[in-house]
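Below is one structure, written out as structure tokens, with a few remarks after it.
The values are calculated or read from the model by the stated rules, or taken from the named source; none is laboratory data. None of these values were measured; they are calculated from a predicted model. Methodologically, a virtual Cβ is constructed for each residue, glycine included, from the backbone with ideal geometry; neighbour enumeration extends over all protein chains shown.
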Amino acid sequence: MKSERTKQKAENRKQQTAPCFLTAAGCVLHSETNGFSLIELVITVSVLAILTLGVIPLVQVSVKRQKEQELRGALREMREAIDQFHREAVAGAQMQVNQQQGQTTAQQEQSGSRPNPQGGAPNIFADPRVRVAITDQTIFTADNPDRFPPDLDTLVKGVNVLPISAGNLGRRGNMNFTATQAATEESQQPKIKVYLRRIPVDPMTGKADWDFRSCYDPSDSTSWGGENIFDVHSKSTGVALNGEKYRDW
């Protein structure tokens, strides 16, 4: 009898303590589950941080390369405009000399004489790339006899031009026109030609501000003489991806 009571008490005690063990086991299991999720989170954040640190330099290089391409395009656009202006300004100077030294082709043919390469208006061969000549020679000062643009604003505002045949240059330098052709072309009125739509913005500085060099400045000059604009450079002191300085481009 006594042994049965003892056995019953032991079973009751076992039933009472069992939930505690289960609860404790459940707590341990729950804690272990939370710890595993935290480790995963730390690993994920670490991997993302490493990837971010690797991607940021690539993005920076890509942005820099794009700006360099924009800078090269802006320099090319301005230099082509300067060269075209110079060619047509020289053609305008030749036109002016022709008009001062001899009669026009139409006047010579009307008088019964033929253009004489040995006398009268000189037969100057024009640059085949030139279709018009700048007629306004007052924009060139005595310090700019080579007739490069005095400033970038002149390229944006434009200048008066005429077809090269209108000033006795003839098409591609050919003086053998008919009187009707010459009279028709010489009667044309000057038109304004624009060489630049706008002054480009330097992508490295964010400003439409450039360094200039005249045709009389040394190639290594750090200051502009102011006579004309022979070349343009960036004002940025930065270094390109290829190791060159932007201001040397």
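Only residues that are acidic (Asp, Glu) and closer than 24 Å to residue 73 by Cβ were counted across the range 198-231, and they come to 4.
Screening the candidates 148, 212, 230 for the property of being in contact with a Lys or Arg (Cβ under 6 Å, 6 or more places away or on another chain) and at pLDDT 95 or above yields one hit, 230.
Does residue 158 count as at pLDDT 80 or above and touching a Ser or Thr at 6+ places or on another chain (Cβ under 8 Å)?
For residue 158, the condition - at pLDDT 80 or above and touching a Ser or Thr at 6+ places or on another chain (Cβ under 8 Å) - is not met.
Of the residues 103, 69, 99, which is surrounded by 10 or more Cβ atoms within 10 Å (Cβ to Cβ), under 41 Å from the mean Cα position of the chain (by Cα), modelled with pLDDT under 80 and not acidic (Asp, Glu)?
Matching residue, one of 103, 69, 99: 99.
Here the range 142-157 is the region considered, the condition is being touching a residue at least 12 places away in the same chain (Cβ under 8 Å) and in a loop (DSSP other than H, G, I, E, B), and the residue that is farthest from residue 86 (Cα to Cα) is 143. Of all residues in the range 240-249, those satisfying the criterion of being in contact with a helix residue (DSSP H, G or I) (Cβ under 9 Å, 6 or more places away or on another chain) and surrounded by 11 or more Cβ atoms within 10 Å (Cβ to Cβ) are 240, 246, 249. Is it the case, given these coordinates, that residue 32 is modelled with pLDDT of 80 or more and assigned to a helix (DSSP H, G or I)? Considered against the rule, which asks whether it is modelled with pLDDT of 80 or more and assigned to a helix (DSSP H, G or I), residue 32 comes out as no.
Out of 124, 50, one residue alone is at pLDDT below 90 and in a helix (DSSP H, G or I). It is 50. The residues in the range 208-238 that are out of contact with any strand residue (DSSP E or B) (no Cβ under 6 Å at 6 or more places or on another chain) and either closer than 21 Å to residue 61 by Cα or surrounded by fewer than 11 Cβ atoms within 10 Å (Cβ to Cβ) (or both) can be counted, and the count is 8.
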